[in-house]
Amino acid sequence: MVNPIQELTKKFKKPTMDPLSYEILKSEIIRTKILFIFFASTSVIMSVIFVVFHEWIVKETGGHFPFYAVLGVNLGTAIYELIINRVFNRFLQKRKGVFSVARFGNVLIEISSVGLLLWFNIGAFASPLIPLYSPAVLTFFIFIILSVLRLEFWLSAFTGFVAGAELLVLAILYIPQNPIPMPINFFNSVAPFISKSLLFSLAGLQRVL
């Protein structure tokens, strides 16, 4: 007779690793390593630039650039990717698979780091248009492009969807509250961000397209 407690326990044990899961985890380790190097390097470069060109940056941004908040997010993301890299390496050594829900949670945390970065900047500048039209938004694409290394369609699609959703939510929440008087209303509209959000979402489908 089958012991129901044993059967239930088996369901909650970490899945053993088949050859495909092994290759996926190796690819995830490469992806997290790239992200760690990127964010760690960005933090160092940003610190050097801020120290050397401090007066110029203050002049150009009106003294509103949230350097410490941005640096904190970058360093936090770098440390997070390093930790995840170590966790994946340990799973690989033990030949244990990673639950899918944990991988989707990892996507949400990574993409939200960019959303947090934009949110800090929105609170610092006079208009949300400045950070939302800044190059910082393109950081979403780094995660979307590297999602190919996850080797799973739904994770790539989810990455693009979350990036697009977070950008659109920030635009809807903050742009109408702080419009800038100008003859062209295009920049005060959320329409461009609907297009950008759709673009991020479609970029996540790259493994099919």
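Computed from the coordinates by the stated procedures, all read-outs in this text should not be read as laboratory data. Predicted model, so just to flag it, every value in this text is computed and none were measured. Here Cβ is always computed from backbone atoms with ideal geometry, including for glycine, and neighbour counts include all displayed protein chains.
A few notes on this one:
- Packing-based exposure ordering (other Cβ within 10 Å, fewest first) of 68, 80: 68, 80
- Working note: Cα atoms of segment 19-205, range along each principal axis, descending, whole Å: 59, 38, 18.
- The length gained by stretching the chain between residue 61 and residue 138 to full extension, at 0.36 nm per residue less their Cα-Cα distance, is 25.8 nm.
- Rounded to 0.05, the FRET efficiency of the residue 172 and residue 127 pair, given R0 = 22 Å and the Cβ-Cβ distance, is 0.90.
- Between residue 51 and residue 154, the simple label model (points 7 Å from Cα in the Cβ direction) yields a spacing of 4.7 nm.
- Computed FRET value (nearest 0.05) for residue 26 with residue 202, which takes r as the C-beta separation and R₀ as 30 Å: 0.60
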